[in-house]
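Nothing in this text is a laboratory measurement; each read-out follows from the coordinates by a stated rule. In this text, all values refer to a predicted model and were calculated from it rather than measured experimentally. As a convention, Cβ positions derive from the backbone with ideal geometry for all residues, glycine included, and neighbour counts pool all protein chains shown.
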Amino acid sequence: MWWSKIINIFHIHSYSIPIVSRYISFNTRDIVYECKCHKRKIIRICKPSDIPFPIQTTYFITKEELEKIANK
Ligand SMILES: [Zn+2]
């Protein structure tokens, strides 16, 4: 339908799918999240120590590699 195409263009991105997580500090990770439209974004997550991160941390991944995944 024509309107579904318009909704697709103007939809508000919802970055809800964690793809990869990079270690920043004990309570901080840079996580690449993906929207349902496959657009990706790096979001810095700071959390209290008693709450788990949404995805297992990938150690030894560089900032460049993370950005490469985010801009895929
Ligand atoms: Zn989207």
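Subtract the Cα-Cα distance of Tyr23 and Glu67 from 0.36 nm times their separation in residues, and report this length gain in nm to one decimal.
14.5 nm
How are the C-alpha pair distances of the chain spread across 10 Å bins, as whole percents from the shortest bin up?
It works out to 20, 44, 23, 11, 3, in whole percents.
For the chain, what relative contact order do you get, as a whole percent, if you take Cα pairs closer than 8 Å and at least 6 residues apart?
29
Over 21 Å between Cα atoms, which of Lys47/Lys68; Lys47/Lys72; Lys41/Lys63 qualify?
Lys47/Lys68; Lys47/Lys72
Add +1 for every Lys or Arg and -1 for every Asp or Glu among the other residues with Cβ under 9 Å from the Cβ of Ile31, and state the total.
Net charge around Ile31: +2.
What are the aspartates and glutamates whose alpha-carbon lies under 17 Å from the alpha-carbon of Lys36, with same-chain residues fewer than 8 places away excluded?
none
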